[in-house]
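Read through the structure below, which is laid out as structure tokens, and then see the notes.
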4 protein chains.
Amino acid sequence: MTDAAVQAALTELVIANRILAREGVIDDFGHVSVRHPTDPNLYLLSRSRSPEIVVREDIIEFTLEGEPIDQNGRPMYRERALHGAVYMARPDVRSVVHHHARAAIVFSLTGKKLKPAFHMASVIGHDVPVWDSQAEFGDTNMLIETMEQGQSMARAMGGERCVLLRGHGATCCGNTLREAVFVSIYLKENAELVLQTLPLGEPNYLTPGEIDQTRAMLFSEVPQNRTWDYRAARAGFRGL
Amino acid sequence: MTDAAVQAALTELVIANRILAREGVIDDFGHVSVRHPTDPNLYLLSRSRSPEIVVREDIIEFTLEGEPIDQNGRPMYRERALHGAVYMARPDVRSVVHHHARAAIVFSLTGKKLKPAFHMASVIGHDVPVWDSQAEFGDTNMLIETMEQGQSMARAMGGERCVLLRGHGATCCGNTLREAVFVSIYLKENAELVLQTLPLGEPNYLTPGEIDQTRAMLFSEVPQNRTWDYRAARAGFRGL
Amino acid sequence: MTDAAVQAALTELVIANRILAREGVIDDFGHVSVRHPTDPNLYLLSRSRSPEIVVREDIIEFTLEGEPIDQNGRPMYRERALHGAVYMARPDVRSVVHHHARAAIVFSLTGKKLKPAFHMASVIGHDVPVWDSQAEFGDTNMLIETMEQGQSMARAMGGERCVLLRGHGATCCGNTLREAVFVSIYLKENAELVLQTLPLGEPNYLTPGEIDQTRAMLFSEVPQNRTWDYRAARAGFRGL
Amino acid sequence: MTDAAVQAALTELVIANRILAREGVIDDFGHVSVRHPTDPNLYLLSRSRSPEIVVREDIIEFTLEGEPIDQNGRPMYRERALHGAVYMARPDVRSVVHHHARAAIVFSLTGKKLKPAFHMASVIGHDVPVWDSQAEFGDTNMLIETMEQGQSMARAMGGERCVLLRGHGATCCGNTLREAVFVSIYLKENAELVLQTLPLGEPNYLTPGEIDQTRAMLFSEVPQNRTWDYRAARAGFRGL
């Protein structure tokens, strides 16, 4: 049972890697993790490898502090701290995605706030905070490499599902792996839609009530299955 | 004969699903229906599944009220009401497409009206109305789930082939399935073209007379066959 | 010898159809013709079919007036007049492309003139005239269906290699089929580049002297072969 | 040993050609060279052929003056001077890429300076100079065909890794072939990101300290391997 749960989590995590690559959310860098299905103090994350080419053998177990349980000499992502910090701060979170989707970065570079403009984007929530590494850490290599940096970012995220990192990218999370992937895709899609709209004027965003009702509907089982099957098929996994 | 007509309709409906996915009109959500070829009080629509992966076995028969004739436990799209409401209000309509093409949504978010700027786009008609669920229903989950909502949207559509849904997407229809697919694609293409043009100034749109003459030409048999064969080939169906 | 020349022309014409589809210059509509290699009073053009799926058996011979020599019941493109009119007016022209590349259409919709902004675009020439069917023919179905319309368009084109058709598309030509394809692709590419640049200010276009020198270089044999082999490979014809 | 180094360099150079084509950095024209692994007075560059279809047998050895060692009748790129001039001026450089990425060209056409707006783009450096062939050479065919032109461009580049060529493209270099490819891709990506951002206001660029620290991190071994494996896989070389 335990073992089956781990095997299922590994399968889903590999598919999530490929989906995020296929959808242009993640390119050479960026990564996705899932909390261990039976031990909430561990999470699963690939070795240092682009999601496009991640396979099951690349997955390593980590403590929330980012220490590998079974490294076996494999190189590791440097930004493990952002995964661990979110899992520590948010018991509700079971999956974290870190990516550099260009349209999302745009909204980290000026004072313009990103808000949901269409129904699917309700999943990014009422507020998308921006975290700027300069504020607390000054000049850095822009990565989130220490637990202090990860925790600072997690504080900025608060109870939301997304946080933008100035000049860097975004971190998204979800109550399930599928949710985190879904949120990541629609953070990007919404940013692109708003960028298309702004030259015509300020868009008529979703109301707070619409965000709440639509998000609840989208996170229910049938739509989550529908989108996952679609994204998985596009990423090469048909008929799972 | 009847059976052959149904089989032909099913084949065409599966191809339409794949075309709309291939052309980026529909992604994970959105759907396309066709009126039953021999019983105008029924329509055919897939089970809840993304059009990219719909196959013949997914198609269910529905009454215009959205009740399934042969569900067999398959999950259903929640927005069946928008299909039925259009079929009820418009005896001329034999196919309905509901999609979330981004550029079309843009024109639902500000007061800017969408008008045809190039010949192919004449098929979207003289006016593309915008329906806002807020006006009549207040905060909702943005879906068209009740017949009242569907009928409200159908009233906004009036005798046109397209209606935009604020912060949500569009509903397009046609006298044939091929027309509805064609209109959906060129609603998106025209919105993208106008968005590219606006920074240079207000485009010189088609005149009313040009819209009428060009649309009549485009809905004739030879161009409809040409575009269908092309789209079907791109979607993987060559040499049909 | 004659027969070999015709066979070679047919092969190249099929490849040109596929290249224009692959590069997004032509989609469901649009077409490309080549003057008959041994009889300058004829030209070769596909039956009514999207370039993406044209095969050798689709090619029909036409008189410059657009009468088919060997129709054999095949449906024909309606806009043959634009091909014939250019061949009549321009003995130097051996190939004509008619397409609806979106970025080119943009420059037919406002008063903004399209000019070459980078070296490859020198091939569109010093001036890209815009022909508006309204001026001489009033409301039409936007197609160029009569020789009068074709000749009006050819007059607007004058001695240039491109003419934009308001709310419709563009007609491009060349001294060879490869040139006409090359010009069509870079008309689109230059329009896209200028559209990207304009928000930053008016671009520093090529000077007249740069246009002349660069165009002469690009139309020489080595660059023409290089680009053709590349485009053909992308269209599925490798190692020809 | 020597021979193995040359074989490895040839393999990597072919992959670099395909990567730059796959990523849309280079299209029909443009080229990439690498300094000879054992003789710094030579460099390796393909015959005149689009990078998309370059194979090992296309690679020619050149002196820094652009004279072929082993031409064997193969047609050559005309802009060899830009490669040689950079190798002469910059002993630290082991690879040069010349390309026409559209978004980079945009920043050669107005006075707007291109600066790094996100972490990956730190590799383009603090300053991206623009070289205009007009200043020193007046009207030309826009190519860099003489050593004088190449040296003029190299002077403009100075100690940077990128230089934009007005109305033409860009030249990028690196201490390794992988670096030069990486810089070329992120020059394009950064230009696209900044173009997306400018309508919202001037972006909050990386600080000088962030550029230095981030660039040093990105040019280290693990990230360079990660991105190379990803780009190679996308270009068709998996599991190398």
Notebook entry, point to check: Quick one: C:Phe107 ticks every box in (1) in contact with a Lys or Arg (Cβ under 8 Å, 6 or more places away or on another chain); (2) within 11 Å of chain B (Cβ to nearest Cβ); (3) under 28 Å from C:Ala8 (Cα atoms) bar one, so which box is it?
Noted result: (3)
Checklist line | Matching option when the condition is modelled with pLDDT of 95 or more and among the acidic types (Asp, Glu), among C:Asp132, C:Asp127 | finding: C:Asp132
Next item on the list: Would you check if B:Arg49 is closer than 23 Å to B:Glu145 by Cα and basic (Lys, Arg)?
Entry: yes
Check: Which residues, counting only those in the stretch D:128-147, are without any contact (Cβ under 8 Å) to a residue 24 or more places away in the chain and either more than 14 Å from D:Arg78 (Cβ to Cβ) or open to solvent by 30 Å² or more (accessible area, probe 1.4 Å) (or both)?
Finding: D:Ala135, D:Glu136, D:Phe137, D:Gly138, D:Asp139
Check: Does A:Thr11 fit the bill of being open to solvent by 40 Å² or more (accessible area, probe 1.4 Å), of a type in the set (Ser, Thr, Tyr), within 29 Å of A:Asp229 (Cβ to Cβ) and modelled with pLDDT of 95 or more?
Finding: yes
Check: Given the conditions (1) under 30 Å from D:Thr140 (Cβ atoms); (2) within 11 Å of another protein chain (Cβ to nearest Cβ); (3) touching a residue at least 40 places away in the same chain (Cβ under 8 Å), and given that C:Lys113 satisfies all but one, which numbered condition is not satisfied?
Finding: (3)
Note to self: Being closer than 30 Å to A:Glu202 by Cα and either at pLDDT 95 or above or within 14 Å of chain D (Cβ to nearest Cβ) (or both): is that true of A:Arg102 here?
What the structure shows: yes
Note to self: Regarding the stretch A:80-97, can at least one residue be identified that is within 12 Å of another protein chain (Cβ to nearest Cβ) and in contact (Cβ under 8 Å) with a residue 60 or more places away in the chain?
What the structure shows: no
Notebook entry, point to check: Which residue pairs have Cβ atoms closer than 6 Å, lie 6 or more positions apart in sequence or on different chains, and pair a first residue in the stretch D:214-240 that is touching a residue at least 24 places away in the same chain (Cβ under 8 Å) with a second residue that is surrounded by 17 or more Cβ atoms within 10 Å (Cβ to Cβ) and part of a loop (DSSP other than H, G, I, E, B)?
Noted result: D:Thr214/A:Asn141; D:Thr214/A:Met142; D:Thr227/A:Asp28
Next item on the list: Scan the stretch C:14-46 for residues that are polar (S, T, N, Q) and surrounded by fewer than 24 Cβ atoms within 10 Å (Cβ to Cβ) and jot them down.
Entry: C:Thr38, C:Asn41
Checklist line | Every residue from the stretch D:75-116 that is open to solvent by 10 Å² or more (accessible area, probe 1.4 Å) and within 30 Å of C:Pro199 (Cα to Cα) | finding: D:Arg102, D:Thr110, D:Gly111, D:Lys112, D:Lys113, D:Lys115
Check: What residue, of D:Thr140, D:Thr176, D:Thr171, D:Thr146, is more than 29 Å from C:Ala121 (Cβ to Cβ) and of a type in the set (S, T, N, Q)?
Finding: D:Thr176
Notebook entry, point to check: Do any residues in the stretch D:37-60 that are within 14 Å of chain C (Cβ to nearest Cβ) have Cβ atoms under 6 Å from those of residues that are open to solvent by 60 Å² or more (accessible area, probe 1.4 Å) and of a type in the set (A, V, I, L, M), where the two are at least six apart or on different chains, and which pairs are they?
Noted result: D:Ser48/C:Val222
Item checked: Considering residues of the stretch A:182-197 that are under 26 Å from A:Leu10 (Cβ atoms) and within 14 Å of chain B (Cβ to nearest Cβ) only, the residue most open to solvent (accessible area, probe 1.4 Å) -> A:Lys188
Next item on the list: Might you let me know whether the stretch A:137-160 holds any residue that is hydroxyl-bearing (Ser, Thr, Tyr) and closer than 18 Å to A:Asp212 by Cα?
Entry: no
Notebook entry, point to check: Any idea which residue in the stretch D:138-181 is farthest from the other protein chains (Cβ to nearest Cβ), counting only those that are closer than 21 Å to D:Glu12 by Cα and in contact with a Phe, Trp or Tyr (Cβ under 8 Å, 6 or more places away or on another chain)?
Noted result: D:Asn175
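To keep it simple, each residue is scored yes or no on (1) open to solvent by 60 Å² or more (accessible area, probe 1.4 Å); (2) closer than 30 Å to B:Leu200 by Cα; (3) more than 8 Å from chain B (Cβ to nearest Cβ).
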| position | (1), (2), (3) |
| --- | --- |
| A:Pro199 | yes, yes, no |
| A:Pro203 | no, yes, no |
| A:Glu210 | no, no, no |
| A:Arg226 | no, no, no |
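The values are calculated or read from the model by the stated rules, or taken from the named source; none is laboratory data. Values in this document were obtained by computation on a predicted structure and should not be read as measured data. Because the Cβ atoms are built from the backbone with ideal geometry, glycine has one as well, and the counts that use them run over all protein chains shown. Ligands, DNA and RNA are stripped out before the accessible areas are found, and what is left, the full protein with its side chains, is counted by its heavy atoms. Shrake-Rupley method; radii C 1.70, N 1.55, O 1.52, S 1.80 Å.
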